[in-house]
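The values are calculated or read from the model by the stated rules, or taken from the named source; none is laboratory data. All values derive from a computational prediction rather than experimental measurement. Positions of Cβ are generated from backbone atoms using ideal geometry, with glycine treated the same way; all protein chains shown enter the neighbour counts. For accessibility, only protein heavy atoms count, side chains too; no ligands or nucleic acids. Shrake-Rupley method; radii C 1.70, N 1.55, O 1.52, S 1.80 Å.
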Amino acid sequence: MEVKRCIRCGNFVMSGDDLCINCSNKDKLEIQKLKNYFEDNENTYTIGELSANTGISEKNLTRYMGNQEFASYLNPDTSNFNQMGNF
Ligand SMILES: [Zn+2]
C-alpha cells in the first residue's frame with residue numbers, strides 16, 4: 001500500500017488520498033464556506049482578499065481555487081496563484 005503524507009498536516013495517510021480523515025473534513029467545511037461566500041458575493045478575488053474575507057489560509061485557498069468550479073472567481077490580474085511555487 002502506498003504511504004503518503006497529508007498535504008495539510010503532514011500526517012501519514014494510508015491510502016491514495018492526499019488528505020487524512022481530519023483534514024478531509026476540514027477541507028469539506030472550508031470548501032462549503034467558500035461556496036457560500038461566492039453565492040453571496042459574485043465577483044473576482046485575489047487569494048489574499050479571499051483569505052481576509054473568509055478566514056481560510058492562503059495556502060488552502062490556493063488549493064481550492066485550483067478547482068475548476070472556482071476558477072471564474074479568481075482575479076487573473078492580481079492573483080499570486082501562479083507564483084505560489086516560488087515561495
Ligand atoms: Zn491531515
Six or more apart or on different chains, Cβ atoms under 9 Å: show the pairs whose first residue is in the stretch 17-32 and more than 15 Å from GLU69 (Cα to Cα) and whose second is open to solvent by 80 Å² or more (accessible area, probe 1.4 Å) and assigned to a loop (DSSP other than H, G, I, E, B). CYS20/ASN11; ASN22/ASN11; CYS23/ASN11; SER24/ASP17
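Going by the structure shown, is MET84 at pLDDT below 95 and touching a Ser or Thr at 6+ places or on another chain (Cβ under 6 Å)? Break it down stepwise before answering.
Numbers: at pLDDT below 95: yes; touching a Ser or Thr at 6+ places or on another chain (Cβ under 6 Å): yes.
For MET84, the condition - at pLDDT below 95 and touching a Ser or Thr at 6+ places or on another chain (Cβ under 6 Å) - is met.
With assigned to a helix (DSSP H, G or I) and at pLDDT below 95 as the only criterion, which of GLU30, GLU69, GLU42, GLU2 stands out?
Values: GLU30 fails: at pLDDT below 95; GLU42 fails: assigned to a helix (DSSP H, G or I); GLU2 fails: assigned to a helix (DSSP H, G or I).
Matching residue, one of GLU30, GLU69, GLU42, GLU2: GLU69.
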Would you pick out the residues in the stretch 1-17 that are near the ligand (Cβ under 7 Å from one of its atoms) and open to solvent by 70 Å² or more (accessible area, probe 1.4 Å)? ASN11
Testing CYS23 on (1) outside any loop (DSSP other than H, G, I, E, B); (2) more than 16 Å from the ligand (Cβ to nearest atom), one condition comes back false. Which one is that? (2)
Would a scan of the stretch 31-45 turn up a residue that is within 16 Å of the ligand (Cβ to nearest atom) and within 30 Å of GLU2 (Cα to Cα)? yes
A careful count of residues in the stretch 45-59 that are assigned to a helix (DSSP H, G or I) and surrounded by 13 or more Cβ atoms within 10 Å (Cβ to Cβ) gives 8
Criterion violated by THR78 - all others in (1) open to solvent by 80 Å² or more (accessible area, probe 1.4 Å); (2) modelled with pLDDT of 95 or more; (3) over 23 Å from ILE7 (Cβ atoms) satisfied: (2)
State which residue pairs qualify: first residue farther than 15 Å from TYR37 by Cα and inside the stretch 68-82, second residue at pLDDT 55 or above and part of a helix (DSSP H, G or I) in any location, beta carbons under 7 Å apart, and separation of 6 or more residues or different chains. SER79/ILE47; ASN80/ILE47; PHE81/ILE47; PHE81/THR62; PHE81/MET65
